[in-house]
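First up is the structure itself, then whatever we jot down about it.
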Amino acid sequence: MNYIYDIFLNYNNLVYDVFEWNKEDKITHIRKIPFIVIDSLDLYNLINKNVVIDNTFLAKIYRKTEVFSKKSPYCLDYSFLATDKVEVVAFKLDKNGVIKEYSKLLIAEEIEVLNYSESLSMQTIEYQIISDKIIEQFQTRNENKIKKFIYKELKLMQNDLDKLNFLCLECFGQIKNANPLNVIYQQLENNWENIYIKVYNFLKMITIKR
């Protein structure tokens, strides 16, 4: 088993490029992590499909990832780094072989790992595809955060027709409607890029006054 040493990872439930890392993220300083080279299709599937990784591979990586800590180093049960010699992604799994979190690398560290991978042979990783993932396309991390906020607030407002109609007037220029919530959902579904900031700012204003 090959290892990569002394890198920083930002485990999340989605793969975020380093420019989308936030100050609030919990960055993990990795002392040592197992590293494999796999083909591009396998890397794609691990990122974009719901998969279960074979127990044999789990046994190979069990508690092999070491983390720096102010108190004392500790181990992650199941984590590894994989590359197709084009990009590098870290994976954290549960005991059943299901991938729970992912991380990209800092740019300088990814370049170092890619350079190192050139001298390594490709390996196979056994896994079973369970289903496709539902992935938000063409939305940044911040847009996804805004989207969750909008739909959460609309759910809380679903019985307040006055506020919903006020939102329709302020954001879409539409006067009173019998079912304003449907109008809002349709506008968001069909015209997201042009209106989501208006809706978000309106709802933020409402929450501040709440």
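Each reported figure results from applying straightforward, stated rules to the coordinates on display, with no laboratory input. All of these numbers come straight from a predicted model, not from anything done at the bench. Here the Cβ positions follow ideal geometry from the backbone for every residue, glycine too, while neighbour counts run over all protein chains shown.
Show the residues, 5+ positions off or on another chain, whose built amide H is closer than 5 Å to the amide H of D84.
Those lying under 5 Å, H to H, from D84 are I38.
Please identify the chymotrypsin sites (Phe, Trp or Tyr not before Pro) of segment 93-172 that satisfy two criteria: DSSP loop assignment and at most 13 other Cβ atoms within 10 Å. Which are they? Display every interim value, and only then the final one.
Working: sites: Y102, Y116, Y127, F138, F149, Y151, F166, F172; in loops: F138.
Counting only loop positions with at most 13 other Cβ atoms within 10 Å, the chymotrypsin sites (Phe, Trp or Tyr not before Pro) in segment 93-172 are F138.
List the trypsin sites (Lys or Arg not before Pro) in segment 1-101 that DSSP assigns to loop (not H, G, I, E or B) and whose Cβ has at most 12 other Cβ atoms within 10 Å. Which are they? Intermediate results must be reported in sequence, preceding the final value.
On the way: sites: K23, K26, R31, K32, K49, K60, R63, K64, K70, K71, K85, K92, K95, K100; in loops: K23, K26, R63, K64, K70, K71, K85, K95.
Sites meeting the loop and neighbour criteria: K23, K26, R63, K70, K71, K95.
More than 24 angstrom separation, counting every C-alpha pair in the chain; what % is that?
Values: 11671 of 21945 pairs.
Here the tail beyond 24 Å accounts for 53 percent of pairs.
For K100, which sequence-distant residues (separation of 5 or more, or a different chain) have an amide H within less than 5 Å of its own amide H, given hydrogens modelled in the peptide plane?
Residues meeting the amide H criterion: K92, L93, D94.
Hey, what's the per residue convex hull volume over the C-alpha atoms of segment 1-87, in cubic angstrom? Before the final figure, lay out each step's value.
Working: hull volume 9.9 nm³, N = 87.
Hull volume over Cα atoms, normalised by residue count, gives 114 Å³.
Can you list residues whose amide H is under 5 Å from N2's amide H, if they're 5+ apart or on another chain and H is modeled 1.01 Å from N?
Amide H neighbours of N2: F35.
For the pairs K23/K95; K71/K95; K92/K152; K104/K148; K26/K104, flag any whose C-alpha to C-alpha distance is greater than 21 Å. Before the final figure, lay out each step's value.
On the way: K23/K95 30 Å; K71/K95 26 Å; K92/K152 29 Å; K104/K148 23 Å; K26/K104 14 Å.
Correct reply: K23/K95; K71/K95; K92/K152; K104/K148.
By count of other Cβ within 10 Å, fewest leading, how are T56, T140, T28, T83 ordered?
Values: T56 9, T140 13, T28 20, T83 23.
Lowest to highest Cβ neighbour count: T56, T140, T28, T83.
So if R0 is 41 Å, what FRET efficiency would L120 and Y151 give, r being the distance between their Cβ atoms, rounded to the nearest 0.05?
Values: r = 44 Å, r/R0 = 1.08.
Computed FRET efficiency for L120 and Y151 comes out at 0.40.
I'd like the FRET efficiency for S40 and T207, computed as 1/(1 + (r/R0)^6) with the beta carbon distance as r and R0 of 41 Å, rounded to 0.05.
Values: r = 44 Å, r/R0 = 1.07.
Plugging the Cβ-Cβ distance into 1/(1 + (r/R0)^6) gives 0.40.
What net charge is computed for the residues neighbouring P34, neighbours being all others with C-beta under 10 Å from the C-beta of P34, Lys and Arg scored +1, Asp and Glu -1?
Working: positive: K32, K60, K64; negative: none.
So the surrounding residues net to +3.
Ignoring the sites themselves, what is the longest stretch of the chain with no GluC sites (Glu not before Pro) in a DSSP loop and at most 14 other beta-carbon atoms within 10 Å? Can you show the working numbers first?
On the way: sites that count: E24, E118, E126, E136.
Free of exposed loop sites, the longest segment is 25-117.
Can you give the net charge of the other residues whose Cβ lies under 13 Å from the Cβ of V52, counting K and R as +1 and D and E as -1?
Values: positive: K49, K95, K100; negative: D54, D94, E126.
Here the charged neighbours net out to 0.
Roughly how many nanometres apart are two label points built 7 Å out from the Cα toward the Cβ at M1 and S72?
With each label point 7 Å from Cα toward Cβ, the separation is 2.1 nm.
HN-Hα J couplings of segment 170-175 from phi, Karplus 6.51/-1.76/1.60, θ = phi - 60°, integer Hz, Gly and Pro as x?
5, 9, 10, x, 9, 7
If N is the number of residues in segment 141-209, what value comes out of its Cα radius of gyration divided by 2.2 N^0.38 Å? Kindly include the intermediate steps, with their values, before the conclusion.
Numbers: Rg = 11.0 Å, N = 69, 2.2 N^0.38 = 11.0 Å.
Scaled against compact globular proteins, the figure is 1.00.
Give a residue-ordered list of calculated ³J(HN,Hα) values for segment 112-120 (Karplus: 6.51 cos²θ - 1.76 cosθ + 1.60, θ = phi - 60°; whole Hz; x for Gly, Pro).
Using θ = phi - 60°, the values come out as 4, 5, 5, 4, 5, 5, 4, 8, 9 Hz.
Can you work out ³J(HN,Hα) from phi for every residue in segment 182-199, in order, using Karplus 6.51 cos²θ - 1.76 cosθ + 1.60 and θ = phi - 60°, giving whole Hz and x for Gly and Pro?
Values, residue by residue: 5, 4, 5, 4, 5, 4, 5, 5, 9, 9, 3, 4, 8, 10, 4, 5, 4, 5 Hz.
Quote the relative contact order of segment 2-132 in percent (integer), defining contacts as alpha-carbon pairs under 8 Å separated by 6+ residues. All intermediate terms of the calculation are to be shown ahead of the outcome.
Working: 278 pairs, mean separation 42.6, N = 131.
Rounded, it is 32 percent for segment 2-132.
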